[in-house]
1. Using only the alpha-carbon atoms of region 445-515 as identical scatterers, what base-10 log of I(q)/I(0) does the Debye formula give at q = 0.13 Å⁻¹?
2. Taking N as the number of residues in region 32-317, what is its alpha-carbon radius of gyration divided by 2.2 N^0.38 Å?
3. Rounded to the nearest 500, what is the chain's calculated 222 nm mean residue ellipticity when only DSSP H runs of at least 4 contribute -39500 (n - 2.57) each, over all residues?
4. At 10 °C and a viscosity of 1.306 mPa s, what translational diffusion coefficient does Stokes-Einstein give for the chain, taking Rh as the Kirkwood radius over Cα pairs? Give it in µm²/s as a whole number.
5. Considering the convex hull of the alpha carbon atoms of region 640-716, report its projected area averaged over all viewing directions, in nm², one decimal.
6. Please list the helices of the chain that count as membrane-span-like by this rule: a mean Kyte-Doolittle hydropathy of at least -1.0 together with Cα atoms stretching 24 Å or more along the helix axis, each helix being a complete DSSP H run.
7. What aspartates and glutamates could a cross-link reach from Lys455, if we take a straight Cα to Cα line under 15 Å and drop same-chain neighbours fewer than 8 places away?
8. Could you give me the ³J(HN,Hα) list for region 408-424, computed from phi with Karplus coefficients 6.51, -1.76, 1.60 and θ = phi - 60°, whole Hz, x at Gly and Pro?
Amino acid sequence: MTILNVMRSLKAPNMTRGVLNYLINRSMSVKFAEHKDISKIRNIGISAHIDSGKTTLTERILFYTGRIESMHEVKGKDNVGATMDSMELERQRGITIQSAATYTIWKDHNINIIDTPGHVDFTVEVERALRVLDGAILVLCAVGGVQSQSLTVNRQMKRYNVPCIAFINKLDRLGANPFRVLSQVRSKLGHNAALIQLPIGLESDCKGIIDIVTQKAIYFEGSFGEEIRYDDIPSDMRTEVSERRHELIEHLSNADEHLGELYLEEKPITEDEIKNAIRRTCLKRTFTPVMVGTALKNKGVQPLLDAVLSYLPNPGEVENQAFKNKGENEEPEKVVLDPERSDKKPFVALAFKLEAGRFGQLTYMRCYQGMLSKGENIYNARTQRKVRIARLVRMHSNQMEDVTEVYAGDIFALFGIDCASGDTFVTDLKHNLSLESIYVPEPVVSMAIYPANNKDRDNFSKAIARFTKEDPTFHFNFDNDNKETIVSGMGELHLEIYGQRMEREYNCPVILGKPKVAFRETLVSPCEFDYLHKKQSGGQGQFARVTGVLEPLPPHKNTLLEFVDETVGTNVPKQFIPGVRKGFIAMGEKGYLAGQKLSGLKFRLIDGAHHIVDSSEHAFFLAAQGAVKDCFRKGAWQILEPIMTVEVTAPDEFQGAVTAQLNKRHGIITGAEGIEGWFTLYAEVPLNEMFGYAGELRSSTQGKGEFTMEYCRYIPCLPDVQERLIMEYQKATGQVPDVKEAKKKKN
């Protein structure tokens, strides 16, 4: 007999409703993996800026839903650490490095949760999580408010059209001000947002919350806030609740036509009508409900779970599209996938995350259509390889539970599949379906890397192969000019973490060299070309002529390379155009000023000539390369450098020192704000000037200052920086003799 049946038979005479619900949820923990109707499934992500409380919130959610027996803190002071931070390095540093998936049950609804990192260095983890989720909780710190990574996460949600609930966390912190955070959500994130809850007291006085929709006060009692007590609104807050309710209805009326009509006709608006309006507008992303609480002090988590069920979509309410490939020269047709949980439609799933597990590669997937059973065969739509499914699992952090089948809307994992992140899997190739892949940002920092001991080279190779496959923002290449191994990533922390993981997981200590910035080279003004490639050495020769213009793209496109075919007639046959394009792209790998990649260029092919016998795609490939080399000699070139948006927060007394440091690093201050003894500076600084800033900031602010930065854009670098880069490149390639080396040889 289950705990639930026992309680029902006894009618739990001595138990409050909160304890009863808590134990009921615990009793249901045995049924986590059972098949549920699609309306009772939610796929959500928890995303936020660093230290906003994402992992702590996830820990509370798992505890209240009966998924874990006890709660632990992020830093792991009790040598346990948070459930979702399963990596030892995460527990030591107190940060999330890898996104972790779990699933739980709340009020007979199955909730799949992905906890994501907050550091911009691990932004691809957030990117691929949001790609496969139907809704999200945007966690905001009641003191910090909307910070730099909050803006990035908001952009990612917009890119994948993910509806969200905002949760203002850390009401117990000194200086907490949820109303200031609400105004930032409206002004900085551009959301039509309103509070649907109010805090009863702030900082150490935080006693509970008021639900503006139901007009009830909610108190969280018991040792861990598991007992929920509903009460009347305190008399001193009734006026404020009435004003905030009116404000909520106004914001909803602007976004929802039905509620707007009731509001204009001054008809009474019921609780259900408000809830239905919030759900409709939240799904359309025209309104964002804002909730409050403090996860650390166990307040506000259960109402947030209720809101996830009430306001965020189930997989059947989200339109997901696949592309049906028709042919090489035809545009793929968009097909709307059917999320109905049955085996009538062909199975379609997206591999969104790879991880090295104990039994080989673990591939996380989201099923969008159809169903998959253990023992079936599936195909990789990109490589068309067949794979037999020997084991199907669902993840709970680093633990797994075997299941026999998965349906549309489920997030699951497979073993032993050789694929890349973003691959589509189907059970039938004849439909030619493939899903849109995941957006992967370009790396911005590079470092030289090599093993401390030569005997560890095998382990080093294994580690590099695994990490580059798991993380598409972690790149590895060998620089032939400098004869060194280069790793590239999203920041110093990103590369440092991988260096530490090589030592811990592969027993291979590594040495990271000085970071190198991903500079780019581009033209200052358009440059015309007319290049003839002609070679005859007996037998079939090579003949190709290309005429056109190589021109710079506008600033907002200066990270791209574009090729445009403007030819008319048959001077350049269409079958040779791909060769010209490939030649241009190949030359884009290395510029002539400082050996950096080319970007911000448009190659306009206007005319040319071919020979009936001697012309080939390879001949036009070489002609395009020759045309770019001509432009190297004739054109005016410049070097672009990445600019970072930097946000620095520190106590007021250090503002002068921090401003001076940013100015010294050629930073431009774009804004500032102060909150009760603390200031926040916003600046744009060249990435090349930001190395070593973490240590300098800590020493000048007595360890109290912190900063975050994210990529903003590329702009032309200063003349002295360009000159230095050119000189260094020429010395490295032997174009200019090193004076010191020459003197040594002479002596």
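1. -0.31
2. Computed over Cα atoms of region 32-317, the ratio equals 0.95.
3. Result for the chain, helices only: -9000 deg cm²/dmol.
4. Calculated translational D: 55 µm²/s.
5. Average projection, Cα convex hull of region 640-716: 4.5 nm².
6. 617-634
7. Of all the aspartates and glutamates, those that pass the test against Lys455 - Cα under 15 Å, at least 8 places apart if same chain - are Glu503.
8. Along region 408-424, the couplings run 4, x, 7, 10, 9, 9, 10, 10, x, 10, 8, 7, 10, 5, x, 6, 9 Hz.
Rule-based calculations on the coordinates, nothing more; no lab input. Keep in mind the model is a prediction, meaning the values are calculated, not measured. Neighbour counts run over all protein chains shown; Cβ positions are idealised from the backbone, glycine included.
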